[in-house]
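Notes to accompany the following structure.
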């Protein structure tokens with residue numbers, strides 16, 4: 001029986017943008033990501049993308065320590081994992097190498 | 001105090017897995033609540049409303065995106081939706097065709113044929129949405145085991161249809177009715193005919209009720225107040241007819257497997273619904289029932305029957321499981 005091929009790590013444009021923002025600003029919650037992306041991320045899809053990225057191991061999350069007077073549920077803050085940072089670095093390098101005209 | 005999104009979260013908890021709740025639903029609700037409460041604290045009411053609106057839209061999108069790929073009831077649900085989408089235009093066509101080809105219908109008016117269809121369409125949708133959805137659910141879910149999950153999903157879809165029907169009843173139908181009257185009487189009179197009860201939108205009807213309720217000086221005033229209040233509540237009740245009939249159909253499907261019996265049951269239910277509505281209306285106009293009670297009589301009756309049938313079906317299933325286990 002042939003050995004199972006290792007899973008190839010992929011990064012979509014949205015995932016790449018989220019990782020870039022998180023690397024840049026360390027820890028953000030969903031709506032901060034939407035605001036920081038200048039409308040490139042949509043409110044309805046950002047949470048699903050964040051959930052998928054967490055499953056892939058690119059992100060880690062924790063509940064914020066909400067002050068008592070705020071009243072709402074505690075928000076979930078997201079942070080890039082070392083794997084996420086490596087994938088982003090590799091992706092950026094590959095983009096720069098393969099398509100220099102599109103590199104940021 | 002209930003925070004915005006708390007009820008929706010409770011609803012989602014019935015449908016989604018614990019993982020989906022933690023990763024997807026809770027962050028949406030938490031972000032919306034924080035943003036909303038911040039807007040309210042700063043006195044920005046409209047900003048708060050906008051946050052709620054966009055938050056609910058995001059919630060719906062996340063719910064569909066997280067639940068849909070893992071949904072075991074996807075097949076039956078799609079079948080029910082497709083059957084409903086097929087049935088609604090058919091029933092609408094029948095309701096539009098009836099006044100079109102009868103001598104007392106639109107033929108006597110000096111009006112373009114397609115213009116008449118355009119005006120009649122919203123009025124036809126008032127009945128065709130509940131009927132089409134009922135037929136669609138019955139055809140799409142016949143012989144299907146009605147799990148709590150599937151029942152919740154279908155009820156949620158029926159609620160969406162009900163909301164659409166309510167908007168149609170409250171604003172679209174009055175506007176199209178008045179447009180029809182204006183177009184029909186253009187040659188007879190240069191002035192547009194005054195609006196009747198069926199041509200008043202929800203806000204206009206509300207205003208008229210307040211005016212007539214302020215001075216109920218004689219029996220005529222009292223009758224007018226009753227009539228207007230009945231019209232107002234009937235619209236709300238008819239708006240929710242889709243949800244009520246969908247619940248009844250699902251409770252019927254939990255008990256009956258034979259298609260023809262389901263079909264017969266639905267025919268009896270639809271006939272019964274309209275008969276009860278007519279009775280409730282008559283009682284309200286005779287002042288034997290209050291206008292809200294008269295308008296909601298049919299809905300209340302069918303909701304009670306549906307809940308009873310569903311509860312009995314669940315009990316029967318549990319009894320069967322206990323018997324098999326022992």
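The values are calculated or read from the model by the stated rules, or taken from the named source; none is laboratory data. Bear in mind the structure is a predicted one, so any value in this text is a computation, not a measurement. We place every Cβ from the backbone using ideal geometry, glycine too, and count neighbours over all the protein chains shown.
Can you confirm whether residue B:144 is outside any helix (DSSP H, G or I) and either touching a residue at least 12 places away in the same chain (Cβ under 8 Å) or surrounded by 17 or more Cβ atoms within 10 Å (Cβ to Cβ) (or both)? Walk me through it before giving the result.
Numbers: outside any helix (DSSP H, G or I): yes; either touching a residue at least 12 places away in the same chain (Cβ under 8 Å) or surrounded by 17 or more Cβ atoms within 10 Å (Cβ to Cβ) (or both): yes.
Criteria met by residue B:144.
Among the residues in segment B:291-305, are any in contact with a helix residue (DSSP H, G or I) (Cβ under 7 Å, 6 or more places away or on another chain), buried (at least 20 other Cβ atoms within 10 Å of the Cβ) and farther than 30 Å from residue B:87 by Cα?
Yes, the conditions are met somewhere in segment B:291-305.
Taking the options B:97, B:158, B:142, name whichever one is at pLDDT 90 or above and closer than 21 Å to residue B:267 by Cα.
Numbers: B:97 fails: at pLDDT 90 or above; B:142 fails: at pLDDT 90 or above.
When all the criteria are applied, what remains is B:158.
Tell me which strands (runs of 3 or more DSSP E) are completely within chain A and hold 1 or more residues being more than 13 Å from chain B (Cβ to nearest Cβ), at pLDDT 85 or above and in contact with a helix residue (DSSP H, G or I) (Cβ under 7 Å, 6 or more places away or on another chain), or say none if there are none. Step through it out loud before you land on a result.
On the way: elements: A:27-29, A:59-63, A:76-80.
It comes to A:76-80.
Here is a list of conditions, (1) in contact (Cβ under 8 Å) with a residue 24 or more places away in the chain; (2) farther than 16 Å from residue A:48 by Cα; (3) within 28 Å of the chain's Cα centre (by Cα), and residue B:36 meets all of them except one; can you say which number that is?
Residue B:36 satisfies every listed condition except (3).
Is at least one residue of segment B:176-187 without any contact (Cβ under 8 Å) to a residue 12 or more places away in the chain, under 17 Å from residue B:119 (Cβ atoms), over 15 Å from the mean Cα position of the chain (by Cα) and surrounded by fewer than 20 Cβ atoms within 10 Å (Cβ to Cβ)?
Just the residues of segment B:176-187 that are without any contact (Cβ under 8 Å) to a residue 12 or more places away in the chain, to begin with: B:182, B:185.
Going one step further and asking which of them are under 17 Å from residue B:119 (Cβ atoms), we end up with B:182, B:185.
Then drop every residue that is not over 15 Å from the mean Cα position of the chain (by Cα), which leaves B:182, B:185.
Remaining after also requiring surrounded by fewer than 20 Cβ atoms within 10 Å (Cβ to Cβ): B:182, B:185.
So far as segment B:176-187 goes, yes, one or more of its residues are without any contact (Cβ under 8 Å) to a residue 12 or more places away in the chain, under 17 Å from residue B:119 (Cβ atoms), over 15 Å from the mean Cα position of the chain (by Cα) and surrounded by fewer than 20 Cβ atoms within 10 Å (Cβ to Cβ).
Restricting to helices (runs of 4 or more DSSP H) lying wholly in segment B:1-86: which have 3 or more residues that are buried (at least 18 other Cβ atoms within 10 Å of the Cβ), within 12 Å of chain A (Cβ to nearest Cβ) and in contact with a helix residue (DSSP H, G or I) (Cβ under 7 Å, 6 or more places away or on another chain)? It would help to see each step written out before you state the result.
Numbers: elements: B:6-15, B:26-41, B:45-67.
Result: B:26-41, B:45-67.
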